[in-house]
Amino acid sequence: MKVNIKANRWFGLLLFLWASYWFDEVYLLLVGTEIQISSNVIVASLQFLAPPLFFVSVCHFSVPAYKLLKDAGKLLILPAVYWLFIIVDWYFSLNLYVVQVVLILINALTFTGLSLYRIRKHQKNIQQFASSTQEINLNWLEYIIMAMVTLVVVIGVFNLVFLELPLNVFMNGVVLLVVLFITYNTLKQTEIFPEDDAGVKVVVEISEDDEEPKRQIMSDAKVEEIKAQLNILMEQKVPYLDSDLNLIKLAQLLNITSHQLSFVINKGYNENFFQFVNRYRVEKAKLMLADNDSNKLSILGVAFESGFSSKTSFNTTFKKMTEQTPSEFKKKCSGL
């Protein structure tokens, strides 16, 4: 649906720049002589943009309608300082290699830290509008951050301690595995936000509300009235059995706005949307696991019949809400 198109483009540009880090290795193979980090000003300058580009792609993945121009000035502060150093080093031959490596470490750690913060915030926000978050929680980007930080630190220390030695086969092999991991997860990533502007607007409003104390958008009496309607809807029409159920769909069933529904769930039940819907799913699963007539179903079958999209999300959510795994609950009910 092209919802992640901007994030994908920035992430693709990041991978293109990341590939340039092997320029020195290729140069050594072709020419037979080693080059320093500042030997090619253009390559070194572009390489420094990789961590900021990663942050930009994370922002586009995690924030609907992210505006790059708003953060452009802040994003270019460290690159500007670095570019100044490599130009001075190249022009005056001052041998500022160690300073450049330190700046690279600071740049990488700063933007990976900011990216991790954005992802964690995203993981909290998506629970306000999605009932299934496994495919959109961006955990794979967290793993990439961990891998990137490890690589940057190890390579940085390697370069500082062994200035005359090229990276070994083991290090390049590790990086290759990271690249393959990134490729797999990038292709696997589904659309995170609704494809229509109205849906994105709802997500933005809910995310902004989550950063502030909840505004009283309706009276307590109205909240109780909608709660009663919602309880009847959940019991009779069981919309939670739809694994793709989201805040917008449920609000449409009640003929109220998504913003109103989010307020009712947060204030009336003291839960977010994810917790509210999955509480019903877990209760449904508990009944099925305790029912002897449902024994023919596997744990995965019970998960799907209860509205969960995968066994992993079922196990995780079930244990979080009951402090038991589905298997443990089933054994307990059967008396084994």
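The values are calculated or read from the model by the stated rules, or taken from the named source; none is laboratory data. What you are looking at is a predicted structure, and each value in this text was computed from that prediction instead of being measured. Ideal geometry is used to build each Cβ from the backbone, glycine not excepted, and the neighbour counts take in all protein chains shown.
Structure data summary
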{"quantity": "Where residue 308 falls short, out of the listed (1) in contact (Cβ under 8 Å) with a residue 24 or more places away in the chain; (2) closer than 30 Å to residue 219 by Cα; (3) of a type in the set (Phe, Trp, Tyr)", "calculated": "(2)"}
{"quantity": "Residue tally, condition touching a helix residue (DSSP H, G or I) at 6+ places or on another chain (Cβ under 6 Å) and modelled with pLDDT of 75 or more, over region 145-171", "calculated": "2"}
{"quantity": "Wholly within region 40-145, helices (runs of 4 or more DSSP H) carrying at least 3 residues that are among the β-branched types (Val, Ile, Thr)", "calculated": "41-47, 77-92, 97-125"}
{"quantity": "Residue among 274, 308 that alone is assigned to a helix (DSSP H, G or I), at pLDDT 90 or above, closer than 28 Å to residue 128 by Cβ and not polar (S, T, N, Q)", "calculated": "274"}
{"quantity": "Residue in region 315-331 that is within 30 Å of residue 205 (Cβ to Cβ), surrounded by 22 or more Cβ atoms within 10 Å (Cβ to Cβ) and outside the structural domain of residue 130 (by TED's automatic domain parsing) present", "calculated": "yes"}
{"quantity": "Out of 174, 202, 223, sole residue that is at pLDDT below 80, in a helix (DSSP H, G or I) and more than 20 Å from residue 133 (Cβ to Cβ)", "calculated": "174"}
{"quantity": "Unmet requirement for residue 64, which otherwise passes all of (1) under 29 Å from residue 194 (Cβ atoms); (2) buried (at least 18 other Cβ atoms within 10 Å of the Cβ); (3) at pLDDT 85 or above; (4) not β-branched (Val, Ile, Thr)", "calculated": "(3)"}
{"quantity": "Residue check, residue 261 aliphatic (A, V, I, L, M) and exposed (fewer than 15 other Cβ atoms within 10 Å of the Cβ)", "calculated": "no"}
{"quantity": "Odd one out for residue 276, checked against (1) over 26 Å from residue 199 (Cα atoms); (2) of a type in the set (Phe, Trp, Tyr); (3) surrounded by 21 or more Cβ atoms within 10 Å (Cβ to Cβ)", "calculated": "(1)"}
{"quantity": "Within region 85-127, tally of residues that are in contact (Cβ under 8 Å) with a residue 40 or more places away in the chain and closer than 30 Å to residue 261 by Cβ", "calculated": "8"}
